[in-house]
Structures are given as structure tokens and as C-alpha cells.
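The structure appears below as C-alpha cells.
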Amino acid sequence: DNAITLSRQLLAQTPDSADGLAILARALIYRSYAEYNRAADREAARQLTAEAAGRYPQSRNIQAVYAYTLQAAGKPVEAAQVAQKVLDEDPDNILARIAMGLAYGSVGSFEIALRESQQAAASPLWPLESQRALAISYSDMGDYDSAIDAIERAIKLNPRLIPLYFERALYAMQIGDADAATAAYFQVLVYDADNVKARLRLCELSSLLREH
């Protein structure tokens, strides 16, 4: 929430700041994944970046942020279109490539998504987002061990980012590692003791283990 407040202040002073827009959009998207009933945050990110993209159509970095929020808001076709336009002009725009990979993955083009995510992860730019995208791509391809390795690299970059632990738990469950999933959910509660999503996931996991 501090990132949201500070980035809003930055954008109020410099509305053409792609960095400020990216910080705000990322913060809203990650907050939406951290708890139940937060889809409105993803839509808010899409709306504010759409407005910025309309005001600054020549800014490739702002367009890349817009593409990133489009895929998060469940609009993969539009995300891929915007990202492709950016990449046509700037093939090294890593956030656009991350958005492209996530967009392709969400429509089932897993091999293309993995290729885009691997290319993004080879760059030092946007390391957390690229490792998270890479983890998602590996998981979609059924390579859960590689997904775990990638998400753990993302966690090392920002250990307090709660959504990463939910994804870590998901990949753990995909290989039947209930202990690692449990540890990931408890790590969420270390940072947010009242997190309803983590508590419910722990209850679901406990019920599953009792059934077996």
C-alpha cells in the first residue's frame, strides 16, 4: 500500500513517468493476488494505464506497462497486440516481452510463452517479473521442478511479496509436496497474520491430507 501511495504521488507530479506508472500498476496487481476479492485492483491498474497509454502513445515503456496490466486483467489478445507493437520498435523491451509471454500462456500457447519468458529472464531487467513469468510458463509445460526454482529466485528478490508464496505453494502441490506448500502459506501469515486466503488454503490443505 505504501508503494501505491508513493507512486500515485509521483504520477501526480510527473504524469508521464513510466517508472511511476509501472510501480503503481505492479503494486495494484500484486495486491490483487494477495487476498480474495481484489480483482478490482487489476481492473484499476488496467484503467489507469489505458489512460496513460492514450495520453502518451509514443512512450514504449508506458505501452509496455499497459500490455502488462491487460494480461493481468484477463485480456490476453489485447495484451499481445500492444506488446507486439512495442517489441516491433524495441525488441529489448523486457516488460513487453514478459507481457507477451504471459498473454500467450493464458491462451494455451505454452511453448511460445516459455520461449518469451526465457528470453526475458536472460536479461537483467525486470528480474522478479521475468522469473515469475518463467515459473508460470514452466508450470504450464508440466515442468514443476523448474517452476519451483524460478519462483524461489523471484522470492529471493522480494521475500515480502505475498503472491509469490501462493504460487510457490501451488507448484509444491503439483509435485505432491504438502510440507512445502504448508510452509509457503505460513510464510504469508508471517507477513500478514490476518490473510484470509492463506488461512483458507491451509484449511483446504489440512482437509486434503486427512482424506489421504
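The values are calculated or read from the model by the stated rules, or taken from the named source; none is laboratory data. As the structure is a computational prediction, the values presented were derived from the model and not from experiment. We place every Cβ from the backbone using ideal geometry, glycine too, and count neighbours over all the protein chains shown. Calculation scope for accessible area: heavy atoms of the full protein, side chains included, ligands and nucleic acids excluded. Shrake-Rupley method; radii C 1.70, N 1.55, O 1.52, S 1.80 Å.
Screening residue 212 on (1) at pLDDT 95 or above; (2) open to solvent by 60 Å² or more (accessible area, probe 1.4 Å); (3) farther than 28 Å from residue 118 by Cβ shows it passes everything except condition (1). Being assigned to a helix (DSSP H, G or I) and under 15 Å from the mean Cα position of the chain (by Cα) is the requirement here; does residue 105 meet it? When the stated conditions are applied, residue 105 passes them.
Please tell me if residue 122 is of a type in the set (Gly, Ala, Ser) and open to solvent by 70 Å² or more (accessible area, probe 1.4 Å). Talk me through it step by step, then tell me what you get.
On the way: of a type in the set (Gly, Ala, Ser): yes; open to solvent by 70 Å² or more (accessible area, probe 1.4 Å): yes.
So residue 122 fits the description; yes.
Of the listed requirements (1) open to solvent by less than 40 Å² (accessible area, probe 1.4 Å); (2) touching a Lys or Arg at 6+ places or on another chain (Cβ under 9 Å); (3) charged (D, E, K, R), residue 152 misses just one: (1). The condition of being out of contact with any His (no Cβ under 7 Å at 6 or more places or on another chain), within 19 Å of residue 26 (Cβ to Cβ) and open to solvent by 70 Å² or more (accessible area, probe 1.4 Å) holds for only one of 199, 160, that being 160.
Of the numbered criteria (1) modelled with pLDDT of 95 or more; (2) touching a helix residue (DSSP H, G or I) at 6+ places or on another chain (Cβ under 7 Å), the one residue 194 fails is (2). May I ask you to say which residue of 66, 104 is over 26 Å from residue 141 (Cα atoms), buried (at least 22 other Cβ atoms within 10 Å of the Cβ) and not hydrophobic (A, V, I, L, M, F, W, C)? The match here is 66.
If I filter segment 77-96 for residues that are in contact with a helix residue (DSSP H, G or I) (Cβ under 9 Å, 6 or more places away or on another chain), surrounded by fewer than 19 Cβ atoms within 10 Å (Cβ to Cβ) and within 21 Å of residue 163 (Cβ to Cβ), do I get at least one hit? Checked against the condition, which is being in contact with a helix residue (DSSP H, G or I) (Cβ under 9 Å, 6 or more places away or on another chain), surrounded by fewer than 19 Cβ atoms within 10 Å (Cβ to Cβ) and within 21 Å of residue 163 (Cβ to Cβ), segment 77-96 yields no hits at all.
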